[in-house]
Amino acid sequence: MAHPQIDVLIIGGGFSGTMVAVQLLRREGTLSLAVLDRSSQAGRGLAYRSPHRFHLLNVPAGNMGALPGDPEDFLHWAKRNYDASIQARSFLPRAVYGEYLGSVLDRTLAETGRGNFRWIQDEALSLRRRRGALTVQCEQGEGLVARAVVLATGNFPPNTPVIPGLRARSPLYVPFAWAPNTLENLPVDGSVLLLGSGLTSVDQAMELKSKAFRGVVHILSRRGLIPSRHERTSSWPLFWNEHSPRSTRGLLRLIRDEVDHAAERGVDWRSVVDALRPVTQQIWQSLAAEERRRFLRHARSYWDIHRHRLAPEIADIFHDMEADGQIRFHTGRITRYSEDRGLAEIVYRERGASTEKRLHAHRIINCTGSETDCRRIDDSLIVSLFAQGHARPDPLFLGLDVDSHGALIDSKGEPSRSLFTLGPTRKGSLWETTAVPEIRQQADELAEHLLRQLSRPSRGNDLLEPAV
Ligand SMILES: Cc1cc2nc3c(=O)[nH]c(=O)nc-3n(C[C@H](O)[C@H](O)[C@H](O)COP(=O)(O)OP(=O)(O)OC[C@H]3O[C@@H](n4cnc5c(N)ncnc54)[C@H](O)[C@@H]3O)c2cc1C
């Protein structure tokens, strides 16, 4: 039988993984616990590692506390450690938030006396179950043996769109907007094409602006939808219950009616959208699979731009760039791509028209959002989980198939007792599972569940699962 060195191994040390570690430490100081992340810094992950001043949080400071039950913890920390004039409605740089998350882990370790905790900087390449224990093979050669593993791997890079002439290795093409040096050697008066018009594109436009880029930023997307801006809003009562419509069409009508109703009372639509936040997961779970599909086909992009909004300061800069002619929007579908002497030519068919238009750019950056279809995710760990039947995709290909605790469901349909996940990978079952207010709750519940699982008596040489 394999001898586990670790009770719980958490793969990924962004917000999700760091918060599971914090929640476990707060409950059980003697647990042997390790977080494995590519970075040495807790909590930064993909979301909070950007050093840029204009990469701001898109949730106000007053609701970004890392622990459920204390949403203002970040606000208080930021007043003490960053700027005493910060208010609950302020939108702070994401780097400040990353620093806060590191401090939450440090504070917890200090309070619990560190116990048996390790932060391991490495990359998990594969996971196998051997004689009841889970063995994770890392890039630098270490094999970690654990009783339970939590996958907190976050968002995966998007795939390269299928466009004739475009290759993932094309010299002017950047497949992943968050890769380092995406703007290196870009002529200061050149032109950039951002594929997609969501939050990632806005971030790229901010980075270009802060680097004093003077050229043109083309933004091309299928529908031309841009995230809305945050405004100060009053609260609006919850207007959904279990008797509300269980169809996409019925729900959209319900929301539109409520928005009209709010407008008659001088209340902004944002209050209506925000009123649904506490029950969004329940609404999603009340929909049959076909209705969920219908939502994804017809309503998803509209929901996203109303629900995930821009900090007002960012929206102002973005709209000024548009008014100055620096940002130019294009709506349509790319039909051809070619490169010649450092310049790309992009041909696209305009939405609703049969005519083709041309664009030229020195850099093309893929901002189309993370890949959620596990069959297409180019990640060695995920591939290994599928190859061994430890995981299967959720039916809508929005992430991993899981039970209500986040336990992975294997290829035979059995929920695991030792393999769990949280955060963006649970999108299929929860839909809203990518932002801090939802994930901090999941981390708390998962820690509780894991400790219950670990305290169950093992059967023979079987730690948590039957050996395979
Ligand atoms: C750019 C951006 C900005 C955002 N801004 C906000 C915001 O303002 N407010 C908000 O509420 N939400 C925001 N979000 C949503 C965000 O998804 C969540 O808030 C949260 O940060 C997700 O954390 P995570 O740990 O699940 O994922 P991530 O932050 O992606 O972290 C995952 C970590 O796992 C590591 N990892 C993955 N695979 C392996 C492996 N095989 N081996 C070792 N390490 C691995 C990665 O390197 C990474 O460090 C933002 C997301 C992004 C991408």
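The values are calculated or read from the model by the stated rules, or taken from the named source; none is laboratory data. Remember, it's a predicted structure, so these values are computed and weren't measured experimentally. Glycine also receives a Cβ, built like all others from the backbone with ideal geometry; neighbour counts cover every protein chain displayed. We work out accessible area using only protein heavy atoms, side chains counted, and drop any ligands, DNA or RNA first. Shrake-Rupley method; radii C 1.70, N 1.55, O 1.52, S 1.80 Å.
Points worth noting:
- Within the stretch 106-125, being within 14 Å of residue 381 (Cα to Cα) and either in a strand (DSSP E or B) or free of Cβ contacts under 8 Å to residues at least 60 places away in the same chain (or both) holds for 124, 125.
- If you go through the stretch 187-235 and keep only what is open to solvent by 20 Å² or more (accessible area, probe 1.4 Å), more than 16 Å from the ligand (Cβ to nearest atom) and among the hydrophobic types (A, V, I, L, M, F, W, C), you end up with 188, 212, 216, 225, 226.
- Count of residues meeting criterion [open to solvent by less than 40 Å² (accessible area, probe 1.4 Å) and either on the phi > 0 side of the Ramachandran plot or assigned to a loop (DSSP other than H, G, I, E, B) (or both)] in the stretch 19-38: 2
- Test for residue 145: is it out of contact with any Gly (no Cβ under 9 Å at 6 or more places or on another chain) and open to solvent by 50 Å² or more (accessible area, probe 1.4 Å): no
- Filtering the stretch 452-464 to residues that are surrounded by 15 or more Cβ atoms within 10 Å (Cβ to Cβ) and either modelled with pLDDT of 95 or more or over 19 Å from residue 404 (Cβ atoms) (or both) leaves only 463.
- Considering the conditions (1) surrounded by 13 or more Cβ atoms within 10 Å (Cβ to Cβ); (2) not assigned by TED's automatic domain parsing to the domain that holds residue 351, residue 257 is excluded by exactly one of them, (1).
- Checked against (1) within 26 Å of residue 151 (Cα to Cα); (2) part of a strand (DSSP E or B), residue 375 passes all but a single condition, namely (2).
- Residues located in the stretch 48-83, provided they are open to solvent by 40 Å² or more (accessible area, probe 1.4 Å), free of Cβ contacts under 8 Å to residues at least 60 places away in the same chain and either more than 14 Å from the ligand (Cβ to nearest atom) or in the same structural domain as residue 205 (by TED's automatic domain parsing) (or both): 69, 70, 72, 76, 79, 80, 81, 82, 83
- If you filter the stretch 110-127 down to residues that are touching a strand residue (DSSP E or B) at 6+ places or on another chain (Cβ under 6 Å) and away from the ligand (no atom under 14 Å from the Cβ), you find that the one that is most open to solvent (accessible area, probe 1.4 Å) is 116.
- Any hit, the stretch 247-254, residues being open to solvent by 60 Å² or more (accessible area, probe 1.4 Å), farther than 30 Å from residue 353 by Cα and not assigned by TED's automatic domain parsing to the domain that holds residue 193: no
- Figure legend. Inter-residue proximity from the stretch 420-446: first residues within 15 Å of residue 13 (Cα to Cα), second residues among the aromatic types (Phe, Trp, Tyr) and surrounded by 23 or more Cβ atoms within 10 Å (Cβ to Cβ), beta-carbon distance below 7 Å, spacing 6+ or different chains. Indicated pairs: 436/15; 439/15.
- Qualifying positions in the stretch 235-279 - touching a helix residue (DSSP H, G or I) at 6+ places or on another chain (Cβ under 8 Å), at pLDDT below 95 and in a helix (DSSP H, G or I): 277
- The stretch 84-105 - residue that is in contact (Cβ under 8 Å) with a residue 60 or more places away in the chain and part of a helix (DSSP H, G or I) and, of those, farthest from residue 310 (Cα to Cα): 105
- Condition check for residue 45: touching a helix residue (DSSP H, G or I) at 6+ places or on another chain (Cβ under 9 Å), surrounded by 24 or more Cβ atoms within 10 Å (Cβ to Cβ) and part of a loop (DSSP other than H, G, I, E, B): yes
- Options 130, 107; residue that is open to solvent by 60 Å² or more (accessible area, probe 1.4 Å) and under 26 Å from the mean Cα position of the chain (by Cα): 107
- Output for the stretch 163-185, where each listed residue is surrounded by 20 or more Cβ atoms within 10 Å (Cβ to Cβ) and more than 16 Å from the ligand (Cβ to nearest atom): 166, 173
- Failed criterion for residue 360 (all others in (1) open to solvent by 40 Å² or more (accessible area, probe 1.4 Å); (2) in contact (Cβ under 8 Å) with a residue 60 or more places away in the chain; (3) of a type outside the set (D, E, K, R); (4) not in a strand (DSSP E or B) hold): (4)
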